Amino acid sequence: MRTFKEPKGLQRWCRARKLAGAKIALVPTMGALHDGHLSLIAAAKRRGADEIVVSVFVNPVQFGPNEDYSAYPRDEKADLAKCRAAGATAVFFPTPANMYLPRHSVYVNEEDLSKGLCGARRPGHFRGVCTVVAKLFNLAHPDFAVFGQKDYQQAQVIRRMVRDLNFDLDVVVAPIVREPSGLARSSRNAYLSDAEREKAVAISRTLAAVKAGAVKTVAAAAKAIERAGLKVDYVECVDAETLEPRRRISKGCCVLAAAYCGRTRLIDNVLI
Ligand code: AMP
């Protein structure tokens, strides 16, 4: 498994591999890898990638000023070992300084799907995500890139960016990997105390009840999550493609939730 710190080094290697006929998969991550991330590497393997490039980069541009950029868990050594074991063939772990040169001044803005949900609560977040992912696409020349349904809005925004900017690659979205309790796996779960972890299960439990039809409105879902002791940021029902609000929870919708468990912001969603 190769490792790259310099964008140019990754770009040169990927270009050479591509010219040699290799099918390249890109798996963008912020590290602190867990089974959710590893499932994306497995998906890349299943789709026949010859080279699986995992990027590990806590992207400062997608964090708001009062968010957890500094506290975000980082463990380069463990991440490398996990990538190797999962079958990645290259890992890219750049520094902010070599991803964003002095006077960096070009950003990618998606202006439709980014408006609501997390985009409304985290101004500038998707601008940061789109910018870094566009850079990674230009560095890795992937035939396809794998994202998780866990970040549903993000996956839709990236799909739109790929369509609208004519990136020559496929976007693959892999299902949400959960802990045995149902809690969606997340690097941020590392912030949770044992007691918080128990409370946090209310999010996935409630969304499962929504999908099963036992909880019929987003207001009822929000109440159930609050009752467990979380602070709801939003629970919304949207069209799964356009992300436009839908009044009734019905087929073709996605119900998404974001809630604070203590100081930790968690997200989850279900497709109806
Ligand atoms: P992150 O490191 O949190 O930025 O996530 C990197 C990629 O892994 C994104 O495409 C996420 O959607 C995906 N991902 C994170 N958690 C999970 C999960 N529990 N199941 C599936 N994919 C995930």
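Throughout, read-outs are computed from the coordinates displayed, never taken from laboratory work. Here the structure is a predicted model, which is why all the values come from computation and not from measurement. Note: ideal-geometry Cβ built from the backbone for every residue, glycine included; neighbour counts use all protein chains shown.
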So, in the stretch 11-42, how many residues would count as being in a helix (DSSP H, G or I) and either touching a helix residue (DSSP H, G or I) at 6+ places or on another chain (Cβ under 7 Å) or more than 9 Å from the ligand (Cβ to nearest atom) (or both)? 13
Could you grab me the full set of residues in the stretch 95-116 that are on the phi < 0 side of the Ramachandran plot, more than 18 Å from the chain's Cα centre (by Cα) and either part of a loop (DSSP other than H, G, I, E, B) or among the hydrophobic types (A, V, I, L, M, F, W, C) (or both)? Thr95, Ala97, Met99, Tyr100, Leu101, Pro102, His104, Ser105, Val106, Tyr107, Glu111, Asp112
For Arg74, all conditions in the list (1) more than 16 Å from the ligand (Cβ to nearest atom); (2) of a type in the set (D, E, K, R); (3) in contact (Cβ under 8 Å) with a residue 12 or more places away in the chain hold save one; what is the number of the exception? (1)
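In the stretch 1-53, how many residues are of a type in the set (Ser, Thr, Tyr) and over 25 Å from Tyr69 (Cβ atoms)?
1
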Examine the stretch 211-222 for a residue that is touching a residue at least 60 places away in the same chain (Cβ under 8 Å) and either more than 30 Å from Asp75 (Cα to Cα) or under 23 Å from the mean Cα position of the chain (by Cα) (or both), and state whether such a residue exists. yes
Could you check Ala145 against (1) surrounded by 17 or more Cβ atoms within 10 Å (Cβ to Cβ); (2) over 21 Å from Ala240 (Cα atoms) and say which number it fails? (2)
Find the residue count for the stretch 104-140, including only residues that are closer than 17 Å to Val172 by Cα, buried (at least 20 other Cβ atoms within 10 Å of the Cβ) and not β-branched (Val, Ile, Thr). 4
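Does any residue of the stretch 235-245 turn out to be part of a strand (DSSP E or B) and loosely packed, with under 14 Cβ neighbours inside 10 Å?
Kept after step one, since they are part of a strand (DSSP E or B), are these residues of the stretch 235-245: 235-239, 245.
Now restrict to residues that are loosely packed, with under 14 Cβ neighbours inside 10 Å: 239, 245.
Yes - at least one qualifying residue is present in the stretch 235-245.
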Any residue in the stretch 1-29 that is in contact (Cβ under 8 Å) with a residue 40 or more places away in the chain sitting within a Cβ distance under 7 Å of a residue that is in a helix (DSSP H, G or I) and charged (D, E, K, R)? List the pairs, counting only those 6 or more apart or interchain. Met1/Arg84; Ile24/Arg17; Ile24/Lys18
Kindly list, by first and then second residue, each pair from a residue in the stretch 179-193 that is within 11 Å of Asp35 (Cβ to Cβ) to a residue that is of a type in the set (S, T, N, Q) and surrounded by fewer than 16 Cβ atoms within 10 Å (Cβ to Cβ), limited to pairs with Cβ atoms under 9 Å and residues at least 6 apart or on different chains. none
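Are there helices (runs of 4 or more DSSP H) fully within the stretch 129-229 with at least 3 residues that are within 15 Å of the ligand (Cβ to nearest atom) and not aliphatic (A, V, I, L, M)? List them.
On the way: elements: 152-164, 194-212, 218-227.
Where helices (runs of 4 or more DSSP H) fall fully within the stretch 129-229 and carry at least 3 residues being within 15 Å of the ligand (Cβ to nearest atom) and not aliphatic (A, V, I, L, M), they are 152-164.
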Please specify each residue of the stretch 24-55 satisfying the condition of being farther than 13 Å from Ala174 by Cβ and in contact with a Cys (Cβ under 8 Å, 6 or more places away or on another chain). Ile24, Leu33, Glu51, Val53, Val54
Any residue that is in a loop (DSSP other than H, G, I, E, B) and in contact with a helix residue (DSSP H, G or I) (Cβ under 9 Å, 6 or more places away or on another chain) - is there at least one of those in the stretch 76-87? yes
Please verify whether Asp233 is acidic (Asp, Glu), touching a residue at least 40 places away in the same chain (Cβ under 8 Å) and within 16 Å of the ligand (Cβ to nearest atom), treating the condition exactly as stated. no
Only one of these conditions is not met by Gly119: (1) in a loop (DSSP other than H, G, I, E, B); (2) without any contact (Cβ under 8 Å) to a residue 60 or more places away in the chain; (3) away from the ligand (no atom under 14 Å from the Cβ). Which number is it? (1)
